[in-house]
Structures are given as C-alpha cells and as structure tokens.
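The values are calculated or read from the model by the stated rules, or taken from the named source; none is laboratory data. These numbers come from a predicted model, not from an experiment. Counting neighbours? That spans all protein chains shown, and the Cβs are built from the backbone with ideal geometry, glycine included.
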Amino acid sequence: MIGDEETLLPFLTLGLELYPASDDKEAERIFARITRSREFGVIFVTERFYPALKKEIDRIAYEPLPAVVLIPDISGSRGFGLANIRATVKKAAGRDIIGEAKEE
Amino acid sequence: MKLAVNPNRMNNLRLRRRLVVAKRGHKLLKDKQDELMRQFMELIDTVKGERNRVEKRLISALKRFSIARSTLSREELYELFALPGVTTTLSVRQKQVLNLKIPSFELTLKGDIISYSFLRTTAEFDLALLELKELLEELVKLAEIEKKMQLFADEIDKTRRRVNALEYKLIPDIEETIKFITMKLEEVERGNLTRLMRVKDMLEEKRKE
C-alpha cells in the first residue's frame, strides 16, 4: 500500500506492507521498486499520488499482475477510480458508453 | 487493394482456400467478441457499484479512525501497533475465462486485530479497526474485479482489431484478388481461342492456294 502516512496508519495493524510516501517523487520511486519486485498481487495507491503514478499504472493495467487499486484518502474521493473504469470501458467499446447511458 | 500474387490457377485455388479459412476465423472471432462484450457489460455494473460503495465506506471508516485515534499521539500509535496482531497473506490463483487468465485473490487474516493495550485506547478505536478489517477484504475483492475488467477490456480491444482486420481488409482483399485472377485467366483463355481460330483460318487459306 502506497500513500500518505495519515491514511496508511490504520492499516498498520492489519499486517499489510505499508510504504508511506511524502511527495510524488518518493511515491514514484516506491512504486517502481514494488512493481519490479513482482512479489505483490495487489497494490493499493491513494488517489493523492495517482496523477504522479498514472503513466506507470496505465502501463501495467493490462497485465495479469499486479492489480493496482486506487483508494480514496481521508479527504474524500476525487473520482479517479470511476474515471479509470470509464477509460477502460472506452477502450473496450471504442467509445464512451457510460456517458451515453447517463443521458438516457 | 489486391494482393501481389501471380494470376495463375494455382494461386487462385490457394486463395479460395484461404478465403474459406478467413471467413471461418472471422465468424469465430466475432462470436468471441460478442461473448466477451456480454460478460464485460455485466462486469462494469458490478465494478461501478462496488467501487462507489467501498469508497464511501472506506472514507467513513478512515474518518472514524481518525477521530478515534485523536486521543493518541503519533508515537503512541506506532507503539501500539508495533506488534501487529494480524498476519495477512494474499494467495493468488488463476482462473481461466475464455482464453484469458484472470487472477483471483484470496485474503487470509490470522490472529486478533485487537492486540494492543486497552489502557489508552477507546472502544471507538476498536470498532474503527474492525470496520477497516472488513473493508480490507472488500478492497481485495474490488482489486480482483477491477483487474478482471481491465483484462477483459484489453482482450475485447484486441479481438475487435482482429475482427476488423479480417472483415475490412483481409477478406475483401482476397475476394478482389480472386476476382482479378479469374478474369485474367478468362482473358487468357479468350486470347488463346481467337489465336487458334486465326491460325486455323490461315491454314485453310494456305491449303486453298
């Protein structure tokens, strides 16, 4: 799990491996190391660092492992998770069908 | 665009066989695409619902925890959690859906989450942690279906490209080339025939002389 310390703290007692990052650069470094190690099946990333990691996350999105899950931090969701789903649907369908469904 | 082959019978025959194969492949791929799409549609709804639900719960759980721990300093908190009571292991297995290998995650939590001193913590603190523990399982489930969705999307994209390549490029190309070769062969045949007739005429004229 990569994120800011405040969000990660409660997960400490759940036996997860936590990698607190204080800025984008650090998050990038940690993410690169984790994906290279190939020891993880699921990586949670708080949305705060998504813009910085977007390129890397998108690169591994269509590989079987690892699964990257965006989680909101304590300040609330920024909608990146849903935007991601939307982008995936767009790729599959060739167009944005979620948007169309809403307009009906 | 017709293919670059010599217009002869051999190639005509070969191309006609290729056309049959291409058409069968196209049909199969089209079926696969439809099936993928059908499953994908179902998946999107689940993923969207789950994501919304889990996100909301996670935020509220984090807020609860934040309030519950407000009585503790950062150092005290680290001290409390110094020995995690839970060991978490994640096992990954693969499921086969169509030709896709989909990872499936299973989370096992061992031990009691409340492994710290009750002296300085409140009941809310315990509850917030228990809620987070439940959420962790849901987060892993979310990871699984989101990954599945991404893999599906990728496969659908690939299949669509293949279907389109066959439908709009390869099959029309082969058909055009077959037509071209057939016409060319007919033309050669006609040319042959007129030449024979002409030779026959010439021979007959010679005999009369």
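Would you say A:A92 is within 28 Å of B:V97 (Cβ to Cβ) and facing chain B (nearest Cβ under 8 Å)?
When the stated conditions are applied, A:A92 passes them.
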Pairs under 8 Å by beta carbon, first residue within 7 Å of chain A (Cβ to nearest Cβ) in segment B:42-58, partner of a type outside the set (A, V, I, L, M), six or more apart or different chains?
B:V47/B:E146; B:R51/A:G81; B:R51/B:E146; B:E55/A:P72; B:E55/A:S77; B:E55/A:G81; B:L58/A:P72
Residue identified as closer than 30 Å to B:L130 by Cα, of a type in the set (A, V, I, L, M) and at pLDDT below 90 among B:L3, B:L62, B:L36
B:L62
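Residues in segment B:60-89 that are at the interface with chain A (Cβ under 7 Å from one of its Cβ atoms), surrounded by fewer than 18 Cβ atoms within 10 Å (Cβ to Cβ) and touching a strand residue (DSSP E or B) at 6+ places or on another chain (Cβ under 6 Å): how many?
Of segment B:60-89, the ones at the interface with chain A (Cβ under 7 Å from one of its Cβ atoms) are B:62-63, B:65-66, B:77, B:81, B:84-88.
Then drop every residue that is not surrounded by fewer than 18 Cβ atoms within 10 Å (Cβ to Cβ), which leaves B:63, B:66, B:84-85, B:87.
Filter again for touching a strand residue (DSSP E or B) at 6+ places or on another chain (Cβ under 6 Å), leaving B:87.
Residues in segment B:60-89 being at the interface with chain A (Cβ under 7 Å from one of its Cβ atoms), surrounded by fewer than 18 Cβ atoms within 10 Å (Cβ to Cβ) and touching a strand residue (DSSP E or B) at 6+ places or on another chain (Cβ under 6 Å): 1 in total.
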So which residues in segment B:43-59 are of a type in the set (K, R), more than 15 Å from B:L127 (Cα to Cα) and surrounded by 14 or more Cβ atoms within 10 Å (Cβ to Cβ)?
B:K48, B:R51
Which numbered condition A:E5 fails, given (1) out of contact with any strand residue (DSSP E or B) (no Cβ under 8 Å at 6 or more places or on another chain); (2) over 16 Å from B:L139 (Cα atoms); (3) at pLDDT below 80
(1)
Could you figure out which of (1) more than 30 Å from A:G81 (Cα to Cα); (2) in contact (Cβ under 8 Å) with a residue 24 or more places away in the chain; (3) over 22 Å from the mean Cα position of the chain (by Cα) isn't true of B:A128?
(1)
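Identify all residues within segment A:1-24 that are in a helix (DSSP H, G or I) and either more than 14 Å from every other protein chain (Cβ to nearest Cβ) or within 15 Å of the chain's Cα centre (by Cα) (or both); write none if there are none.
Step one: list which residues in segment A:1-24 are in a helix (DSSP H, G or I), which gives A:5-14, A:24.
The answer is A:T7, A:L8, A:D24.
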When the residues of segment A:25-77 are narrowed to those that are more than 18 Å from B:R53 (Cα to Cα) and of a type in the set (F, W, Y), which ends up nearest to the other protein chains (Cβ to nearest Cβ)?
A:Y62
Scope segment B:143-166; condition of a type in the set (A, V, I, L, M), under 13 Å from the mean Cα position of the chain (by Cα) and more than 7 Å from chain A (Cβ to nearest Cβ); matching residues
none
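One line per residue, one yes/no per condition, for (1) modelled with pLDDT of 80 or more; (2) more than 21 Å from B:L136 (Cα to Cα):
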| site | (1), (2) |
| --- | --- |
| A:L14 | no, no |
| A:K25 | yes, yes |
| A:F40 | no, no |
| A:A52 | no, yes |
| A:K55 | no, yes |
| A:R86 | no, yes |
